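Below: one structure, written as structure tokens.
Since every read-out is calculated from the coordinates, none of them should be taken as a lab result. All figures in this text were calculated on a predicted structure; none of them were measured in a lab. Here the Cβ positions follow ideal geometry from the backbone for every residue, glycine too, while neighbour counts run over all protein chains shown.
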Amino acid sequence: MAKPVATPLIAVAVGGACGAMLRHGAYQLVPAPWDLLSVNFVGTMLLIWLKQARPLPSVRLHTALTTGLCGALTTVSSLAWFTMFTTVDAHDGGGAAQYVLITLVATLFPGWILWQYAERQAAS
């Protein structure tokens, strides 16, 4: 029997709504350009932790938190928009390149460290 498609879609929708609200809240509380960097950092760390953590009580909860919440919280489209805005409107291609580099280093390197730590914890 085929699995119902609606259940994971609802989980993603609920998680996504929560992630979008968290991102909007961060944009209200944290000044630019740190707002975008902070949500991408927090979302990346949360996603890695969730992927490496012990299994969650249900697949639906895992889907809601990873694909939904983290997917809506972190956003490549906002990073692309900020980069284009900085490059085109502010005529600062160097600043845009620096921001993209900082974002990648600030999310990927700590994420890699967290992943390695979680792997070691799981192995012991």
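Under the rule of -39500 (n - 2.57) per DSSP H run of 4 or more residues, summed and divided by the residues of the chain, what mean residue ellipticity at 222 nm is obtained, to the nearest 500 deg cm²/dmol?
-24000 deg cm²/dmol
By counting other Cβ atoms within 10 Å of each Cβ, how are Ser124, Ser38, Ser58 ranked from fewest to most?
Ascending number of Cβ neighbours within 10 Å: Ser124, Ser58, Ser38.
For the chain, what does the relative contact order come out to in percent, with C-alpha contacts under 8 Å and a separation of six or more?
Relative contact order for the chain comes out at 34 percent.
Take Asp89, Asp35 and order them by how many other Cβ atoms sit within 10 Å, fewest up front.
By the 10 Å Cβ count, ascending, the order reads Asp89, Asp35.
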